[in-house]
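One structure is given here, and the rest of the page talks about it.
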Amino acid sequence: MKLLSKGAYLIDNHRILESHLAEHQQETANFNVSDAKKGTISYKILSEHSPEARGDHLNIVFDSLTSHDITYVGIIQTARASGMTHFPVPYVMTNCHNSLCAVGGTINEDDHVFALSAARKYGGIFVPANIAVIHNYNREMMAGGGRMILGSDSHTRYGALGTMGIGEGGGELVKQLLSRTYDIEMPEIVGVYLKGAPRHGTGPQDVALALCKAVFKEGFVKNRVLEFVGDGIENLSVDYRNGIDVMTTETACLTSIWATDDKVREYYYLHNRPDSYKRLQPDAVAYYDRMIEIDLSDIKPMIALPFHPSNAMTIEQFKENAADVVKEIQEDAARQFGKAANIDLMRNISGNSYHVDQGIIAGCSGGSYENIAIAANILKGASTGSNQFSLSVYPGSQAIYLDLLRSGAGESLMSAGAVLREAFCGPCFGAGDTPSHGAFSIRHTTRNFANREGSKPGEGQLSYVALMDARSIAATAMHGGLLTGADEIAYDSKYLPYHFDGSIYQKRVFIQREPDESQPLILGPNIKDWPPLPRLKDHLLVKVVSSITDLVTTTDELIPSGETSSYRSNPLKLAEFTLSRRDPGYVARAKAVNQNRLDWGKGIQPDDVQALLECIEQITGHYYPPQNISYGSAIFAKKPGDGSAREQAASSQRVLGGVANFANEYATKRYRSNLINWGLMPFESTGDIQEGSFVFIPFIQKALRYNDIQKLKSYLFSEGKLSETSLSLGKLTPEERLILLAGCLINHYKDA
């Protein structure tokens, strides 16, 4: 894999010219970079969806929206509170995350009833529980050449089908539901040039993990668009392309798009939507800000070790150095979890291999027909064994499940000892097939962050997840859990073609094109409105109640997945879980600051705050009236927000009285957007800020009004010392500044 960081021209979709290289300068001298940028597929789609673009500033209107049952209640409740009367574009609500109703009893089903009533009232699309995972339904029924889809799930990626999918927090969907726009600067475009063909044993997850390993750590594609081009695309099936594409989220890119061909045309024909196909190719001359060259034939079966998809190596390398690799895993776990990580993973080493306890093939990345059909070929006539190892397979939709049964693939899997399950995203976020303490699970799913498998290190339980392709998981399963790359075995990669039966959706999916205001919105007892949130005053005083100095902090650490699912629709109950895995004392400290804020409103000022303000007055010679000061809590983290798009990572802080985050940088645009939409200042600082520190930012309201936000004069009180410092709020759109001034998105749109 080759990374080109200085930009390059792509000529006729197969020849790369680096303009800064002397040997290419003569040929590229007559090219105009600005015009050639417009030759990319990405530029055309983004421009077409931004009819009121001003220069490089885009105001995007999406073709459709999508959410699942962990996010849609909060989105609709926010939109209602902001004045929404109908869904202005098609809005797909799937039930694939909170569908395991044993978690929380009927509370989860109340969310599904709410969504169906919302589809009736506002005009929407309701996909019942276990019919399809969110991204499978959108691939099969909503994607189309040149379209754009906005989803409240970070893996909203349909680029291989010619559709730009962007995963964002709920606030951005609320804006679309209010007929507002998605405002960004034109992102840089990174060409991903594919050549060659995959070798035997290499699947889409292997290519994706190799890509994540190459680009994630240095932020090579962060907040940029990946555009897949090149002759190698024709050597990949559409399922294979989808499998790579959905994992681009783990590179931290903004979105993705692929050149399309006759295989994509056939996909739409197969799914009874031939008119949705559009041929997409870059122009004869197209310029990319960066370029990645991938020779598919070079990629071997991969394994991404705990606790990140980019922590990848070949399975061959793992097995050759098993003792050293396992030792590193244990040391990493010990750094993060202390005593909970006191587990001897060395016991699983067996000769030149490693014994794993569990295999999972599931969801939007692993649950495709092709992945499962090839896994079935590998396991046909074999046995997963009757010992510790187990294998569960989750097809991505009922349509896929049905054809696996028709083709005999389902029979092969079940006869080998695999358990064939429903369309459900649980294994991806910790609500299904949770391993035992100390177990090692291999999964063709999207993430292997700590706790994504459902363990609770804070309570002494810890298990480990490594990501692998379905082919290698099946190869491992046929050896009873002995780690095996699919390139180590012989198997038939041919399978019976997929036959899509759309009648399943026709019979079960509720679609209402027009709103019906007479329909009631049904709110179960656990579905609560957002509490009132205060507006920003002239000045801001912040107490840092948690300081996290890990290199990266995921949204799963900010608000856990899995066990919190039953409370997604109840903001106050959900907030009790904030940072519970990473800093269990956070909630109590945040509540204490919030109580001080409430007391302050009654004229009772905390002693430490009063002394601090008197000290600042002495230094600055300026009196800051207490009634003009907003007061609240904040967290500091070096790089927060990697992973999920779930806005609850921000809204839960806000509900507890949070007013800001301090960070050296933000891991993703979507987390920073979530902070803004919930009225949390996304401050950027150069150094760490300790727990217990105070930060005072005078005239913050004025700075936001006049966009004077790059060098905010501030005062830091830490370890008994007061010092002047400087903060930045980065780049904010005019509307984002108004949202922060209003205190949150809901307040802003109420004012509009």
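The values are calculated or read from the model by the stated rules, or taken from the named source; none is laboratory data. Here the structure is a predicted model, which means the values were calculated and not measured. We place every Cβ from the backbone using ideal geometry, glycine too, and count neighbours over all the protein chains shown.
Data overview
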{"quantity": "Failed item in (1) within 28 Å of K339 (Cβ to Cβ); (2) among the charged types (D, E, K, R); (3) modelled with pLDDT under 90, with D608 passing the rest", "calculated": "(1)"}
{"quantity": "Cross-chain or 6+ apart pairs with Cβ under 6 Å, the range 514-528 first and touching a residue at least 40 places away in the same chain (Cβ under 8 Å), then of a type in the set (G, A, S)", "calculated": "E514/G123; P515/G123; L521/S117; I522/S117; N526/S569; I527/S569"}
{"quantity": "Filter result for the condition that a residue is surrounded by 15 or more Cβ atoms within 10 Å (Cβ to Cβ), out of contact with any Gly (no Cβ under 7 Å at 6 or more places or on another chain) and under 23 Å from V609 (Cβ atoms), over L712, L732", "calculated": "L712"}
{"quantity": "Output for the range 125-142, where each listed residue is at pLDDT below 95 and small (G, A, S)", "calculated": "A129"}
{"quantity": "Which numbered condition I604 fails, given (1) farther than 23 Å from K669 by Cα; (2) crowded, with 18+ Cβ neighbours inside 10 Å", "calculated": "(2)"}
{"quantity": "The one condition in (1) under 17 Å from F510 (Cβ atoms); (2) surrounded by 24 or more Cβ atoms within 10 Å (Cβ to Cβ) that F114 fails to fulfil", "calculated": "(2)"}
{"quantity": "Matching entry among Y122, Y91 (being modelled with pLDDT of 95 or more and in contact with a strand residue (DSSP E or B) (Cβ under 6 Å, 6 or more places away or on another chain))", "calculated": "Y91"}
{"quantity": "Selection status of L65, at pLDDT below 95 and either touching a Phe, Trp or Tyr at 6+ places or on another chain (Cβ under 6 Å) or farther than 16 Å from Y122 by Cβ (or both)", "calculated": "no"}
{"quantity": "Among residues of the range 444-485, those that are assigned to a loop (DSSP other than H, G, I, E, B), within 18 Å of S561 (Cα to Cα) and not β-branched (V, I, T), counted", "calculated": "14"}
{"quantity": "I689 being touching a Phe, Trp or Tyr at 6+ places or on another chain (Cβ under 6 Å) and assigned by TED's automatic domain parsing to the domain that holds S728", "calculated": "yes"}
{"quantity": "The range 693-752: number of residues that are in contact with a Ser or Thr (Cβ under 7 Å, 6 or more places away or on another chain), more than 21 Å from Q627 (Cβ to Cβ) and polar (S, T, N, Q)", "calculated": "5"}
{"quantity": "Count - residues of the range 18-55 that are surrounded by fewer than 16 Cβ atoms within 10 Å (Cβ to Cβ), at pLDDT 90 or above and either over 24 Å from L280 (Cα atoms) or of a type in the set (S, T, N, Q) (or both)", "calculated": "2"}
{"quantity": "Scope the range 203-236; condition assigned to a loop (DSSP other than H, G, I, E, B) and either aromatic (F, W, Y) or out of contact with any strand residue (DSSP E or B) (no Cβ under 6 Å at 6 or more places or on another chain) (or both); matching residues", "calculated": "G203, F216, K217, E218, G219, F220, K222, N223, L236"}
{"quantity": "Test: residue in the range 620-632 that is in contact with a Cys (Cβ under 7 Å, 6 or more places away or on another chain) and not polar (S, T, N, Q)", "calculated": "no"}
{"quantity": "Any chance P301 is crowded, with 22+ Cβ neighbours inside 10 Å and farther than 28 Å from S237 by Cβ", "calculated": "no"}
{"quantity": "R646 vs. criteria surrounded by 20 or more Cβ atoms within 10 Å (Cβ to Cβ), in a helix (DSSP H, G or I) and either modelled with pLDDT under 95 or not assigned by TED's automatic domain parsing to the domain that holds L741 (or both)", "calculated": "no"}
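Each row is one residue, and each column tells you yes or no for (1) among the β-branched types (V, I, T); (2) in contact (Cβ under 8 Å) with a residue 12 or more places away in the chain; (3) not assigned by TED's automatic domain parsing to the domain that holds I244.
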{"site": "L280", "(1), (2), (3)": "no, yes, no"}
{"site": "A286", "(1), (2), (3)": "no, yes, no"}
{"site": "E293", "(1), (2), (3)": "no, yes, no"}
{"site": "P309", "(1), (2), (3)": "no, yes, yes"}
{"site": "M313", "(1), (2), (3)": "no, yes, yes"}
{"site": "Q317", "(1), (2), (3)": "no, no, yes"}
{"site": "I329", "(1), (2), (3)": "yes, yes, yes"}
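Each row is one residue, and each column tells you yes or no for (1) surrounded by 22 or more Cβ atoms within 10 Å (Cβ to Cβ); (2) more than 29 Å from H68 (Cα to Cα); (3) in contact with an Asp or Glu (Cβ under 6 Å, 6 or more places away or on another chain).
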site: Y369; (1), (2), (3): yes, no, no
site: A373; (1), (2), (3): yes, no, no
site: Q388; (1), (2), (3): no, yes, yes
site: P395; (1), (2), (3): yes, no, no
site: L405; (1), (2), (3): no, no, no
site: S415; (1), (2), (3): no, yes, no
site: C428; (1), (2), (3): yes, no, no
site: F440; (1), (2), (3): yes, no, yes
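Conditions (1) surrounded by fewer than 20 Cβ atoms within 10 Å (Cβ to Cβ); (2) under 18 Å from the mean Cα position of the chain (by Cα); (3) not charged (D, E, K, R), marked per residue:
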{"residue": "D556", "(1), (2), (3)": "no, yes, no"}
{"residue": "P560", "(1), (2), (3)": "no, yes, yes"}
{"residue": "R568", "(1), (2), (3)": "no, yes, no"}
{"residue": "K573", "(1), (2), (3)": "yes, no, no"}
{"residue": "R581", "(1), (2), (3)": "no, no, no"}
{"residue": "A590", "(1), (2), (3)": "no, no, yes"}
